[in-house]
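Asker: My questions all concern the structure below.
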Amino acid sequence: MIFGENDYSNHLIVTNLQDKKINKIQSFNKEDWSSAYKNVEKELTKVPLTISKGENIKDLNGTLLRNGPGILERGGQWVHHPFDGDGMITSIKFENGQPFLTNRFVKTKGYLEEEKINKFIYRGVFGTQKNGGILKNALDLKFKNIANTHVVKLGNEVLALWEAAGPHALDPESLDTIGLTTLKGVLKPNEAFSAHPKIDLNSNASSELLVTFGVQTGPKSTIRLMEFNNAGENAGELLIDRKDTFNGFAFLHDFAITPNWAIFLQNAIDFNPLPFLMGQKGAAQCLKSNPNKKAKFFIIPRESGLFKGQPPLVIDAPEGFVFHHVNAYEKDSEIILDSIFYDDFPSVGPDENFRDIDFNKYPEGKLKRSTIDLKKKTSALETISKQCCEFAVVNPRNLGLTATFSWMASTSQKLGNGPLQAIKKINLISKEEIYWSAGPSGFVSEPIMIPSEISSKEDEGFLFILLWNGERRGSDLVILDAKDLKELAVYELPISIPHGLHGSWVN
Ligand code: CO
């Protein structure tokens, strides 16, 4: 039983006290994990959720938005990688603590075309091929904007994001797709717009900002850094726009901000497009680590900060591959940056089946800290925790400033790779950790931290987690107390949602 009546205490494991207990957690059953990978079958509108454990959070108002792949198979053909699946948005709106669920596929051009004939007619970046073999795929460089990575609200619109192309605007209530948006002319049609915007409460500007970027890459890479007003009547208005060009190919999925800087890590990888052009591989499968190359930090002064107008800094970065950063802050002339580092770029090869992968063959993500000295132009790396983790966050009020705590999805076991089954809270200073585990048959996603409205203490608030409950083969929403990871409420959802990507909270 995951949420059995008698095993409640098993979910809360305080490592420092019971270090052996987390190691002893039974290993997972691969079918419990892979059973999450199936098409979302229906679209629902404002269905009230019934609580299966705990109690509604009194006075809670706001909306949890989540994005992730919702179509993984058409006409018997599977995507090669879940990241190639069409985006499906789930919104869970809380009205005085009572949640209501609405979900919609993002009705992209490609989704509508493929839905009509129930067949994949586009190649996927992560290796999904059209039927008909290499010849059918060679030289077909068209791609589908799958809008599956993140979902945020900007101005009056909800945006479904996918980094290689433009954002799709959705109606915030119904989630109906309005269409590709240029954000009132800010973007060229279908211009690349990152899937990792930061909501910045700590900038030198007077209001809340949404800071994000787009990258155009090739032999040189140009980063467009954009800062939008994110509050009041003028929410959605572009305030700041700057472009910087760097040498070399850059794969930039995420970035970090401090009040004065935007920090990018250019991984030491090369892109060899030939197998993609020849129809043998997806574009992302053509990325390969280059051990002879140095990773670089691109550190761009923010135009809302003290160093506006100055050129960016380029500083050698530590070895390893990063998708996601956790947080950054400034300390004298240093930037401290926490990120999830992999030893190498993890990619699902052309002959592998993503639903049956051997976790041991892939590098695991580890929480590490870079100290970047802006004066000496050097960086150093230290490991904060060796335990496999992903999707780490800090209290959104601390973004860009020092943070004592981080929450993340982690494996149940302490070492090696595996599926994400636990939520971990770590004190970044003392390294003390506590866990909540959904194991052996539950699988977690990115925790979304919502700070307490009545307390300014950094670790007071809620964590919202969409969980794949392998035992009942369905999705649950779990709300934990951010401070002690106690389970406060569990709701069984009326739809099954595959392991997903990112989400946000809208007040
Ligand atoms: Co991401």
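The values are calculated or read from the model by the stated rules, or taken from the named source; none is laboratory data. Just so you know, these numbers come straight off a predicted model, no measurement behind them. Cβ: placed from backbone, ideal geometry, glycine included. Neighbour counts: every protein chain shown. For accessibility, only protein heavy atoms count, side chains too; no ligands or nucleic acids. Shrake-Rupley method; radii C 1.70, N 1.55, O 1.52, S 1.80 Å.
Asker: For an R0 of 22 angstrom, estimate the FRET efficiency from the Cβ-Cβ distance between ASN292 and THR383 and round to the nearest 0.05.
Answerer: Efficiency computed from Cβ-Cβ geometry: 0.35.
Asker: What net charge do the residues around PRO346 carry, taking every other residue with its C-beta under 14 Å from that of PRO346, with Lys and Arg at +1 and Asp and Glu at -1?
Answerer: Around PRO346, the charge tally is -3.
Asker: What are the semi-axes of the equivalent ellipsoid for segment 175-229, taken as the square roots of 5 times the Cα gyration tensor eigenvalues, largest first, in whole Å?
Answerer: 21, 18, 10
Asker: Work through the residues other than THR411 whose Cβ is under 12 Å from its Cβ and net out their charges, Lys, Arg +1 and Asp, Glu -1.
Answerer: That works out to +2.
Asker: Still on this structure, please answer the following. Across every pair of different alpha-carbon atoms, what Kirkwood hydrodynamic radius in Å does segment 49-133 reach?
Answerer: Result for segment 49-133, one decimal place: 14.9 Å.
Asker: Which one of GLY474, PHE443, GLN129 is farthest out on the positive end of the charge dipole of the chain, using unit charges on Cβ (Lys, Arg +1; Asp, Glu -1) and the Cα centre as origin?
Answerer: Checked the options; the winner is GLN129.
Asker: Which value does Rg/Rh take for the chain over its C-alpha atoms, Rh per Kirkwood?
Answerer: Using Cα coordinates only, the ratio equals 0.93.
Asker: Further question: What distance in nm lies between label points placed 7 Å from Cα along the C-beta direction at GLU208 and ASN118?
Answerer: 4.3 nm
Asker: Using only the alpha carbons, work out the radius of gyration and Dmax of segment 280-393 in angstrom.
Answerer: 16.7, 51
Asker: Show me the ranking of peptides 287-294, 323-330 by mean Cβ neighbours inside 10 Å, starting with the highest.
Answerer: Highest-to-lowest ranking by the protection proxy: 323-330, 287-294.
Asker: Another one. Could you tell me how many cubic angstrom of Cα convex hull volume segment 173-284 has per residue?
Answerer: Convex hull volume per residue, Cα atoms: 142 Å³.
Asker: For segment 306-458, what does the accessible surface come to per residue with a 1.4 Å probe? Please give it in Å².
Answerer: Accessible area per residue: 41 Å².
Asker: Now a separate question. Note down the relative contact order for the chain as a percent, whole number, built from C-alpha pairs under 8 angstrom at least six residues apart.
Answerer: Averaging sequence separation for qualifying contacts and normalising by length gives 16 percent for the chain.
Asker: Can you give the accessible area of ASP270 in Å² (nearest 10), computed on protein heavy atoms with a 1.4 Å probe?
Answerer: Solvent-accessible area, nearest 10 Å²: 60 Å².
Asker: Can you compute the FRET efficiency between GLU43 and GLN77 using 1/(1 + (r/R0)^6), with r the Cβ-Cβ distance and R0 = 35 Å? Round to the nearest 0.05.
Answerer: It comes out at approximately 0.95.
Asker: Post the alpha-carbon centroid distance, segment 144-214 to segment 418-442, in whole angstrom.
Answerer: That distance is 30 Å.
Asker: Between LYS58 and THR222, what length comes free when the chain is fully extended (0.36 nm per residue of separation minus the Cα-Cα distance, one decimal in nm)?
Answerer: Roughly 54.3 nm would be gained on extension.
Asker: For segment 324-395 and segment 474-491, what is the separation of their C-alpha centers, rounded to whole Å?
Answerer: 26 Å
Asker: What FRET efficiency do you get for ILE336 and ASN131 if R0 is 51 Å and r is their Cβ-Cβ distance, rounded to the nearest 0.05?
Answerer: Efficiency, rounded to the nearest 0.05: 0.55.
Asker: Next up: If you take the charge dipole of the chain about its Cα centre, with +1 on Lys and Arg Cβ and -1 on Asp and Glu Cβ, which of TYR342, PHE249, ALA317 is farthest toward its positive end?
Answerer: Towards the positive end, the residue furthest out is PHE249.
Asker: Taking just the alpha carbons, could you work out the radius of gyration and Dmax for segment 395-495, both in angstroms?
Answerer: 13.8, 41
Asker: At 7 Å along Cα-to-Cβ for each site, give me the label-to-label distance between ASP351 and ASN234 in nm.
Answerer: Modelled inter-label distance: 5.9 nm.
Asker: Mind scanning LYS42/LYS130; LYS366/LYS414; LYS30/LYS281 and naming the pairs with a C-alpha gap bigger than 22 Å?
Answerer: As for pairs spanning more than 22 Å Cα to Cα, those are LYS42/LYS130; LYS30/LYS281.
Asker: May I pose another question? On the protein heavy atoms, probe 1.4 angstrom, tell me the percent of accessible surface of the chain carried by carbon and sulfur.
Answerer: Roughly 51 percent, rounded to a whole number.
Asker: Got a sec to turn the phi values of segment 472-488 into Karplus ³J(HN,Hα) couplings, 6.51 cos²θ - 1.76 cosθ + 1.60 with θ = phi - 60°, whole Hz, x for Gly and Pro?
Answerer: 9, 6, x, 9, 10, 9, 10, 10, 10, 6, 5, 6, 10, 6, 6, 6, 9
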